[in-house]
Amino acid sequence: MNEKSENRKALPKFFLTLLIAGLVGGFIGFFVGLGDRLGLGSAVVAQAARILQIVTPWAIPAATAVTMGSNFLLYRSAKRCCAAWNGGDEDDVAETADRRLNWVLLLSAVQILLDLFFFSAAVCYELPGMLYHVAAFLISAGLAIFAQQKAVDLTRQMNPEKKGSVYDTKFQKKWLASCDEAERQQIGQAAFHAYSLTSRACIFIWAALLVMNMAFGFGIMPLFVVVLIAAVLQISYTMECTRLSRTTGGPGWRC
């Protein structure tokens, strides 16, 4: 009875969401189709390609200078906090250092993503000086990984029980094994939030690409890639929940 009541409460909102999504999609699709008839789609693509070809040769060095400069300042600040730390479990100084080291890890990850994007642009547009682009990509990615290593090492200095090196292919597994129960719960909550957000983002990106394809005509491949990412996400999550349920009990697919 409770299950039916919950379903009845949720159905009106579900149908309203579908209706609004359909209206918005139809509205956007109409104007995208109109823009295609007027030739705006090809003009936008051509202009975006020209801008990207101009920006790409300088994008990786410029982005690296910004992110690595920020990482240097954040790391130095975290290191000063570490030096002033008195060893307490709930010390504000330690929490400040942790937050700054988290920012170092985040900026380093963003830098690697930017490197991948702009290096891909250089390859796709066959820009001159490919050796330069390869060198810029490798140097930038190397600096990002080095920044991650310094952040992890400082974290291990503050928490000697932590294990793992960023250069180890099994780093994440070893790091998780060295975390206590509270930290594992925090990681699990963050992972579930990322899973939920990525699942919704895949649906939104799929719908956006489907509509944009009417104007830009880029074909099925981008849509296939988004669906493939969503499939890997859903299948890996469900299979891992099923595997864990065998050892911990409970309804694995609903974890």
Could you tell me which residue of the range 197-215 is nearest to VAL227 (Cα to Cα), considering only residues that are at pLDDT 90 or above and of a type in the set (S, T, N, Q)?
SER199
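Got at least one residue in the range 196-218 being under 22 Å from ILE112 (Cα atoms), of a type outside the set (A, V, I, L, M, F, W, C) and open to solvent by 40 Å² or more (accessible area, probe 1.4 Å)?
Our first condition is that a residue be under 22 Å from ILE112 (Cα atoms); within the range 196-218, this holds for 197-198, 201-202, 205.
Those still in the list that are of a type outside the set (A, V, I, L, M, F, W, C) too: 198.
Adding the requirement that they be open to solvent by 40 Å² or more (accessible area, probe 1.4 Å) leaves 198.
Looking through the range 196-218, at least one residue is under 22 Å from ILE112 (Cα atoms), of a type outside the set (A, V, I, L, M, F, W, C) and open to solvent by 40 Å² or more (accessible area, probe 1.4 Å).
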Restricting to the range 125-154, name every residue that is open to solvent by 60 Å² or more (accessible area, probe 1.4 Å) and among the aliphatic types (A, V, I, L, M).
MET130, LEU131, LEU138, ILE139, LEU143, ILE145
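Taking the criterion of being over 28 Å from ALA141 (Cβ atoms), of a type outside the set (S, T, N, Q) and at pLDDT below 85, would at least one residue in the range 163-179 satisfy it?
Kept after step one, since they are over 28 Å from ALA141 (Cβ atoms), are these residues of the range 163-179: none.
The answer is no; no qualifying residue exists.
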Can you tell me which of (1) in contact (Cβ under 8 Å) with a residue 40 or more places away in the chain; (2) among the small types (Gly, Ala, Ser); (3) surrounded by 16 or more Cβ atoms within 10 Å (Cβ to Cβ) is the one GLY164 doesn't meet?
(1)
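Among the helices (runs of 4 or more DSSP H) contained in the range 143-255, which hold 2 or more residues that are under 28 Å from GLU95 (Cβ atoms)?
171-177, 181-216
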Can you tell me which residues in the range 56-91 are modelled with pLDDT of 90 or more, of a type in the set (Phe, Trp, Tyr) and surrounded by 15 or more Cβ atoms within 10 Å (Cβ to Cβ)?
TYR75
Just to be sure before I move on: is LEU106 closer than 29 Å to CYS82 by Cβ, among the hydrophobic types (A, V, I, L, M, F, W, C) and surrounded by fewer than 17 Cβ atoms within 10 Å (Cβ to Cβ) in the structure I sent?
yes
Looking at ALA43, ALA94, which is the one that is modelled with pLDDT of 65 or more and surrounded by 13 or more Cβ atoms within 10 Å (Cβ to Cβ)?
ALA94
Do we find that GLN157 is farther than 23 Å from GLN111 by Cα and touching a Cys at 6+ places or on another chain (Cβ under 8 Å) in this structure?
yes
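The values are calculated or read from the model by the stated rules, or taken from the named source; none is laboratory data. Note that the coordinates shown come from a computational prediction; the quantities given were computed from them, not determined experimentally. Quick reminder, even Gly has a Cβ in these numbers, built from the backbone with ideal geometry, and neighbours come from all protein chains shown. We work out accessible area using only protein heavy atoms, side chains counted, and drop any ligands, DNA or RNA first. Shrake-Rupley method; radii C 1.70, N 1.55, O 1.52, S 1.80 Å.
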